[in-house]
Amino acid sequence: MLRNALEPWHLLVVAIVVVVLFGSKKLPDTARSLGKSMRILKSEAKAMKADGEAAPEATVVRTEQTGTAAERPTTPAER
């Protein structure tokens, strides 16, 4: 039913509709904004991944004075 649904001429029609709707003056600005947004998203995702790998694990440590459990981060050297 949907065999060969996306032909090259379909892409041409979509491109023409986009040019007519947005106009040729706004397309470069729109593409520039999209590229900038993608770079920001990529850098933020990379930073979050690096933070996740470097984040210390929390361990529960019992204090002798109060007898309550306290959570504190540990460094890789303490493990």
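The values are calculated or read from the model by the stated rules, or taken from the named source; none is laboratory data. Predicted model, so just to flag it, every value in this text is computed and none were measured. Backbone-built Cβ (ideal geometry, glycine too); neighbour counts: all protein chains shown.
Give just the number: which of (1) polar (S, T, N, Q); (2) surrounded by 10 or more Cβ atoms within 10 Å (Cβ to Cβ); (3) assigned to a helix (DSSP H, G or I); (4) at pLDDT below 85 does THR59 not satisfy?
It fails just one condition, (3).
Within the set of pairs 6 or more residues apart or between chains, which connect a residue that is surrounded by 10 or more Cβ atoms within 10 Å (Cβ to Cβ) inside segment 25-40 to a residue that is part of a helix (DSSP H, G or I) and not polar (S, T, N, Q) with Cβ atoms less than 8 Å apart?
Listed pairs, sorted by first residue: LEU27/VAL18; LEU27/VAL19; THR30/PHE22.
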